[in-house]
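The values are calculated or read from the model by the stated rules, or taken from the named source; none is laboratory data. A quick note: this is a predicted structure, and the numbers were derived from the prediction, not measured. Virtual Cβ from ideal backbone geometry, glycine too; neighbours counted across all protein chains shown. To get the accessible areas, we keep the full protein, side chains included, count just its heavy atoms, and leave off ligands, DNA and RNA. Shrake-Rupley method; radii C 1.70, N 1.55, O 1.52, S 1.80 Å.
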Amino acid sequence: MWPDRRILDLFGIEHPIVQAPMAGSTGSEIAIAVAEAGGLGSLPCAMLSLDQARTEIDIFRQRTSKPLNVNFFCHVPPLPDHAREASWKKRLGAYYAEFGIDPASIPAGPGRAPFDEKLCELMLEMKPAVLSFHFGLPEKTLLDRARSSGAKIVSSATTVEEARWLEDQGCDAIVAQGNEAGGHRGIFLGEDIQAQPGTFALVPQVADAVKVPVIAAGGISDARGVAAALMLGAAAAQIGTAYLLCPEAKTGAVHRAALKSARDDRTVLTNLFTGRPARGVINRFMREVGPIGADAPEFPLATSAVSPIRAKAEAQGSGDFSPLWAGQAASLAREMPAGELTRKLAREAQERLRAMGR
């Protein structure tokens, strides 16, 4: 029933729908529901310890035999810059005072760890169907070892140049992440986020430039987006924000509230929360400090200084200092179980494709 079966055959799934791996907001529960409904469930591990990643994969395996996508960041950890981190804390001083926080009590911490030897060993043991990466790929020796697990290798591209580079490194499929996407940019060959194309400009150009199947991502929240992505040359669509309102998601209360009142013109790219540009709903912190702060430490070192402010505000029911990640089509998201949403997206996308004679 689908016009392009390459992703279905590559991953062993029923529908060309990939649940985006959103660190901190999704876990095994939603991955299981999506997988059982015929899509590709994804488990984000960038914010999990080794033991936590193992546990989440075990939970998935205990409840379904469907394929699983396990996702990692592969950034190069920056060298600590104590002067810059001190400057960042000074910039946040008024907020520390407002919430009664002693900045000297805040421990340093990266917040997110890249794919490494220990995680690779775990993947060799667990053998997931798909291994996906954000911010490029691990170095070649590590990537080759990971590939020997038998997993299909996927990574994100924000430009045609990045897509060609990923194909040259042997990726089995490429996520074409458009500017509309919520969360962190996958950009890795440059730094100019202003030049990143939108999803429906990027997808057909990437599809023309590479031979491997393309997964469209960014601003796709309903069946119309899925059908449009497939018409433009993608073999599947990756859905992120639309899954954040599902009961199986780990989305926090203030984040859910922001998504329920989302508008098309209320998200921007910001580096304030982690040090790397990511799209989220505009809040007080972004209005007053950024959204792009030149003094924010490199990714992911900005996180630790903001975390206690976020915790204090959320305890008061406020999302003013929370990373409310969301794509530009967040207002199209609907509250429903993840399995039901996956089946609805597939059914309605097929109906639209049939209506167009595809």
Checklist outcome for this item: Taking the stretch 69-92 and the residues there that are assigned to a helix (DSSP H, G or I) and out of contact with any Pro (no Cβ under 7 Å at 6 or more places or on another chain), the one that is farthest from LEU189 (Cα to Cα) would be LYS90
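Scan the stretch 285-309 for residues that are in contact with a Ser or Thr (Cβ under 6 Å, 6 or more places away or on another chain) and either assigned to a loop (DSSP other than H, G, I, E, B) or open to solvent by 20 Å² or more (accessible area, probe 1.4 Å) (or both) and report the count.
In the first step, residues of the stretch 285-309 are kept if they are in contact with a Ser or Thr (Cβ under 6 Å, 6 or more places away or on another chain); the result is 286, 290-291, 295, 299-300, 302-303.
Remaining after also requiring either assigned to a loop (DSSP other than H, G, I, E, B) or open to solvent by 20 Å² or more (accessible area, probe 1.4 Å) (or both): 290-291, 295, 299-300, 302-303.
So the answer is 7.
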Checklist entry - What are the residues in the stretch 253-282 that are of a type in the set (Gly, Ala, Ser) and within 16 Å of the chain's Cα centre (by Cα), if any? => result GLY275, ALA278, GLY280
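Of the residues that sit in the stretch 311-339 and are free of Cβ contacts under 8 Å to residues at least 60 places away in the same chain and within 28 Å of ALA217 (Cα to Cα), which one is most open to solvent (accessible area, probe 1.4 Å)? Write out each step before concluding.
As a first pass, look at the stretch 311-339 and keep what is free of Cβ contacts under 8 Å to residues at least 60 places away in the same chain: 311, 315-316, 320, 323.
Next, from what is left, pick out any that are within 28 Å of ALA217 (Cα to Cα): 320, 323.
Numbers: ASP320: 53, PRO323: 21 Å².
In this case the residue turns out to be ASP320.
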Item to check | Close pairs from the stretch 23-47: first in contact (Cβ under 8 Å) with a residue 24 or more places away in the chain and on the phi > 0 side of the Ramachandran plot, partner in a loop (DSSP other than H, G, I, E, B) and acidic (Asp, Glu), Cβ under 8 Å, at least 6 apart | outcome: GLY38/GLU14
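Yes or no, residue by residue, for (1) more than 29 Å from ASN71 (Cβ to Cβ); (2) surrounded by 15 or more Cβ atoms within 10 Å (Cβ to Cβ); (3) not basic (Lys, Arg):
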site: HIS82; (1), (2), (3): yes, no, yes
site: GLU85; (1), (2), (3): no, yes, yes
site: TYR96; (1), (2), (3): yes, yes, yes
site: ILE106; (1), (2), (3): no, yes, yes
site: ARG112; (1), (2), (3): no, yes, no
site: LEU119; (1), (2), (3): no, yes, yes
site: LEU122; (1), (2), (3): no, yes, yes
site: SER149; (1), (2), (3): no, yes, yes
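Test ALA163 against the criterion of being more than 21 Å from MET22 (Cβ to Cβ), in contact (Cβ under 8 Å) with a residue 12 or more places away in the chain, buried (at least 18 other Cβ atoms within 10 Å of the Cβ) and not hydroxyl-bearing (Ser, Thr, Tyr), and give yes or no. Walk me through it before giving the result.
Details: more than 21 Å from MET22 (Cβ to Cβ): yes; in contact (Cβ under 8 Å) with a residue 12 or more places away in the chain: yes; buried (at least 18 other Cβ atoms within 10 Å of the Cβ): yes; not hydroxyl-bearing (Ser, Thr, Tyr): yes.
Answer is yes for this residue.
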Next on the checklist: Every residue in the stretch 252-284 that is closer than 17 Å to GLY317 by Cα, assigned to a loop (DSSP other than H, G, I, E, B) and among the small types (Gly, Ala, Ser), please.
Outcome noted: GLY252, SER261
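Considering only residues of the stretch 340-358 that are of a type in the set (A, V, I, L, M) and touching a residue at least 60 places away in the same chain (Cβ under 8 Å), which is farthest from SER307 (Cα to Cα)? Outline the logic, then answer.
Quick first cut of the stretch 340-358, residues of a type in the set (A, V, I, L, M) only: 341, 345-346, 349, 353, 355-356.
Filter once more, keeping what is touching a residue at least 60 places away in the same chain (Cβ under 8 Å): 341, 345-346, 349, 353, 356.
On the way: LEU341: 32, LEU345: 35, ALA346: 38, ALA349: 40, LEU353: 45, MET356: 48 Å.
The extreme case among them is MET356.
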Checklist outcome for this item: Within the stretch 21-45, residues being open to solvent by 10 Å² or more (accessible area, probe 1.4 Å) and either in a loop (DSSP other than H, G, I, E, B) or small (Gly, Ala, Ser) (or both) number 6
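Scan GLU248, GLU191 and give me the residue that is more than 30 Å from ASP9 (Cα to Cα) and of a type in the set (Asp, Glu).
Result: GLU191 is the single residue among GLU248, GLU191 that is more than 30 Å from ASP9 (Cα to Cα) and of a type in the set (Asp, Glu).
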